[in-house]
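Worksheet for the structure shown next.
The values are calculated or read from the model by the stated rules, or taken from the named source; none is laboratory data. Since the model is a prediction, treat every value here as computed from it, not as a measurement. FYI the Cβ positions are ideal-geometry reconstructions off the backbone, even for glycines, and counts take in every protein chain you see.
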Amino acid sequence: MFHRFFIVLATCVLALTLALPPLANAQKLNQQLASGSVLEVIKRRGTMKIGMSTFVPWAMRDKNGELIGYEIDVAKKLAEDMGVKAEFIPTAWDGIIPALLAGKFDVIIAGMSITPERNLTVNFSLPYAHSGIQMVANKELADGFSALEDFNKPEIVLAVRRGATPATAARRIMPKATLRQFDEDALALQEVLNGKAHAFVTSTPTPAFEALKHPDKLFLPMAEPFVQGAEGFALRKGDPDALNFFNNWIILRQQDGWLKERHDYWFKSRDWAGQVME
């Protein structure tokens, strides 16, 4: 009886002894992951470096040259809640993900739509904003156009921002049209205003705002967006702690209404229009 008891006891002790190294290794690995998180880098530095690109009303320059917009408010509030300063690093849109991967900044907060293709390269937070893709058209060139089929023709020229989600959507949905790509939204819009392109395809609410600003030249051929989107923070892979923090921050700021209040101000009003150059 006692002999059997000691055999069982020895077996349990041996099993626990064998289990301890993996448990210890797992704990050590978790500590290494935590210490290597970009969150720790940000806290040590005292500054969060944010990759962004100007895109009305997400981020733009006011009359004094200062950055304003929804993204700017979001990034500043995020940094404030972390107890650090926000440092913005303007970057060309088609190079913004490579710049993140190269470590030029800590996170992208730039109205970036979550897509499977991008998600293969970077991790995305939960959506902190929802937008759509719409177009604003030249009244003379697109007279009578009211459906996507009207724009899906070889003779139609669509102005888009290079590398942005609206450009991909326009190519997919209107494959017969000619896409003319620009590095900035302002250049793409100017192409339509000058009568050199039939329409400018971009994210909401820009089409509606531009149609209101130029009622003699522009109109909305379709009242509603033809693609719905969701935007998230983008960060480098292999950082579960940062992803957890960003996700929880978004959840909390959605629950307390802060994100909605800022989104409504920038996307559903024009109260900010006087701050920027027309």
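Counting the residues of segment 119-131 that are assigned to a strand (DSSP E or B) and buried (at least 18 other Cβ atoms within 10 Å of the Cβ) gives 4. Checking segment 213-224 against the condition returns a match, with at least one residue being within 21 Å of THR54 (Cβ to Cβ) and free of Cβ contacts under 8 Å to residues at least 24 places away in the same chain. Considering only residues of segment 36-61 that are charged (D, E, K, R) and under 21 Å from the mean Cα position of the chain (by Cα), which is modelled with the lowest pLDDT? So, considering only residues that are charged (D, E, K, R) and under 21 Å from the mean Cα position of the chain (by Cα), the one modelled with the lowest pLDDT is ARG61.
Each residue in segment 233-278 was checked for being under 19 Å from LYS43 (Cβ atoms) and either outside the structural domain of LYS77 (by TED's automatic domain parsing) or not in a helix (DSSP H, G or I) (or both), and 5 pass. Look at segment 51-73: where a residue is more than 15 Å from ARG262 (Cα to Cα) and a partner is among the aromatic types (Phe, Trp, Tyr) and modelled with pLDDT of 95 or more, sitting 6+ places away or on another chain with Cβ atoms under 6 Å, you get GLY51/PHE105; MET52/PHE88; LEU67/PHE88.
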